[in-house]
Amino acid sequence: AILFFVGVENCICSDSEKACGVSSNNPTCTSSSSRIRPPLGRPLRPTDLPQPVVFAAFESNSTVTLPGGIRQDIASGAVKQINNFDDPNRDDVLADMAVLPSAVDRPSVERLLELLRNYDDWDDDPDTVDGMATHEMFVYNPTLYGDESGIKYRDADPNFVPARKDLRRKLTEIMSPYLDRVLTPAVHKRYPKACTSKGPERTCKPCYSLIRKYKHGQRQSHATHHDGHALVTVVVSLSDYGVDYRGGLYVSSGFGQHEFLALNKGDAVMHQSSLLHGVQVYDVESDPAATERWSWILWYKDSTMCDSDYGYDWFEECASQGDALCQQLHATKVGATPGISNGEAAMRVLELNMQAADGGSGESAVKIARAYLGQLPSVLPYDVQKATEYYQKAIQSHNPDGHYGMAQVLLTGMTSDYA
């Protein structure tokens with residue numbers, strides 16, 4: 001990373017000094033710039049930036065007994081997803097997660113890594129979240145080697161399929177015992193209402209299993225997102241924090257507020273799709289070129305055959321109870337409700353996003369603002385003043401897209417329509 005600072009000199013001022021060099025007797029305040037930073041005596045470098053903040057707000061530690069008598073430690077935590085501290089009449093909205101230390105033993109991780117490091121033909125299609133090359137490979141998904149349009153091209157190419165089948169077989173031999181004895185039972189125990197209370201045909205199952213790699217000079221990030229396609233996600237780290245990589249998987253209470261999970265080899269984290277998260281891998285300072293982070297990712301769905309999508313009812317109950325995050329997420333799923341018409345779905349999406357915006361969801365507020373400006377399909381009339389009101393709601397919820405949208409309105413002169 002290269003940072004450019006124009007016309008900024010080293011200076012540090014007391015709190016009473018409004019700007020460096022303005023009404024100041026401080027000899028280090030020699031710049032007319034209002035930017036304040038410590039006196040380094042040299043230009044700012046990437047290593048001067050703040051270090052990754054490690055998530056430490058775990059609420060409890062416990063040990064659960066899984067089938068077969070396996071005892072697994074679990075550290076539970078919660079992350080603010082909608083921060084309503086500016087409004088005392090509304091509660092913050094939280095999403096929970098849990099870390100399972102040493103869910104997979106280190107010898108098994110090393111066996112996986114030996115196989116993975118000797119394979120070179122990783123998928124490089126654009127990621128659905130941020131468009132970056134994926135650098136991943138599915139160990140299992142319902143459409144492997146099929147004719148479906150969404151299949152990865154290497155899984156349809158006879159030049160790659162034999163080697164991939166062999167690698168998948170070897171990986172599965174190592175992974176299956178942990179899936180059957182630790183990870184899936186832990187998911188069922190953690191989320192019984194979502195995973196085991198809807199009948200045997202809707203018991204949570206890992207329908208997608210994949211390996212993803214992040215490496216110096218290749219992909220080192222995955223933009224902030226919700227796992228909208230998974231009821232529960234499990235990520236098993238195949239790398240050591242602070243040794244193989246820094247940063248890594250982060251949980252987010254906003255698009256700029258990241259706290260990283262210091263996961264070591266074999267540690268697993270599980271969460272539902274309500275958790276906002278992403279990945280940012282920073283180089284290891286002692287040997288940047290050696291930086292790498294490998295992860296084994298599982299996406300669970302409430303379908304034992306992995307052939308049905310019940311996402312339309314994942315957030316229905318909590319949305320009806322006024323949870324703004326559930327309303328925001330349910331709006332992305334309600335259109336798949338069986339029997340609903342396109343018109344009914346459009347009105348329900350609009351209603352849910354308006355409710356979520358009123359409850360503090362900045363993301364929903366931005367969507368409604370854009371709809372009022374004709375930037376998203378909607379029955380709403382073109383109304384700049386209404387768009388401005390919703391951008392203001394987003395700003396109050398500390399959503400940066402609200403600021404960006406409001407700036408667009410001002411810069412394009414739209415406000416003159418009602419000023």
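The values are calculated or read from the model by the stated rules, or taken from the named source; none is laboratory data. Since the structure is predicted, the reported quantities are computational estimates derived from the model, not experimental observations. Reconstructed Cβ throughout: ideal geometry from the backbone, glycine too, with neighbour counts over all protein chains shown. Only protein heavy atoms, including side chains, enter the accessible area calculation; ligands, DNA and RNA are left aside. Shrake-Rupley method; radii C 1.70, N 1.55, O 1.52, S 1.80 Å.
For the stretch 262-397, the gyration tensor built on C-alpha atoms gives an oblate shape. Its axis ratio a/c (a ≥ b ≥ c) is at least 1.5, and a/b is not larger than b/c.
Per-residue accessible area (protein heavy atoms, 1.4 Å probe) orders Met305, Met406 as Met305, Met406, starting from the largest.
Please work out whether the stretch 324-419 counts as rounded, prolate or oblate from its C-alpha gyration tensor, where a ≥ b ≥ c are the square roots of the eigenvalues and a/c under 1.5 means rounded, while otherwise a/b larger than b/c means prolate and anything else oblate? Because a/c hits 1.5 or more and a/b fails to exceed b/c, the stretch 324-419 counts as oblate. For the stretch 98-243, the gyration tensor built on C-alpha atoms gives a rounded shape. Its axis ratio a/c (a ≥ b ≥ c) stays under 1.5.
Surface listing: Thr233, Thr196, Thr412 arranged by accessible area from highest to lowest gives Thr412, Thr196, Thr233, probe 1.4 Å.
For Ala133, the residues whose amide H sits under 5 Å from its own are Asp127, ignoring neighbours fewer than 5 places away on the same chain, with H placed 1.01 Å from N. Working note: Karplus 6.51/-1.76/1.60 with θ = phi - 60° gives the stretch 109-118 the couplings 4, 5, 5, 4, 5, 4, 5, 5, 6, 8 Hz, where Gly and Pro are set to x. Backbone geometry of the stretch 383-393 corresponds, through the Karplus equation with coefficients 6.51, -1.76 and 1.60 at θ = phi - 60°, to 3J(HN,Hα) couplings of 8, 5, 5, 5, 4, 4, 4, 6, 5, 5, 4 Hz, x marking Gly and Pro.
Once backbone amide H atoms are built at 1.01 Å from N, Leu276 has Ser252 as its partners under 5 Å, excluding neighbours fewer than 5 places away on the same chain. Label reach from Gln257 (point 7 Å along Cα→C-beta): in the stretch 320-359, amide nitrogens under 15 Å belong to 325.
Of the trypsin sites (Lys or Arg not before Pro) found in the stretch 157-251, the ones in coil according to DSSP and having at most 15 other Cβ atoms within 10 Å of their Cβ are Lys198. Couplings for the stretch 340-347, taken from phi via the Karplus curve 6.51 cos²θ - 1.76 cosθ + 1.60 with θ = phi - 60°, read 7, 7, 4, x, 5, 5, 4, 5 Hz in order; Gly and Pro are left as x. Protein heavy-atom accessible surface, 1.4 Å probe, per residue over the stretch 308-412: 49 Å². Annotation: per residue accessible area for the stretch 159-287 equals 37 Å², rounded to a whole number [probe 1.4 Å, protein chains only].
Placing +1 on each Lys and Arg Cβ and -1 on each Asp and Glu Cβ, with no other charges, gives the stretch 158-253 a dipole about its Cα centre of roughly 160 debye. If I compute solvent accessible area with a 1.4 Å probe over the protein chains, what percent of it on the stretch 283-419 is carbon and sulfur? Using a 1.4 Å probe with all protein chains present, the stretch 283-419 comes out at 52 percent carbon and sulfur.
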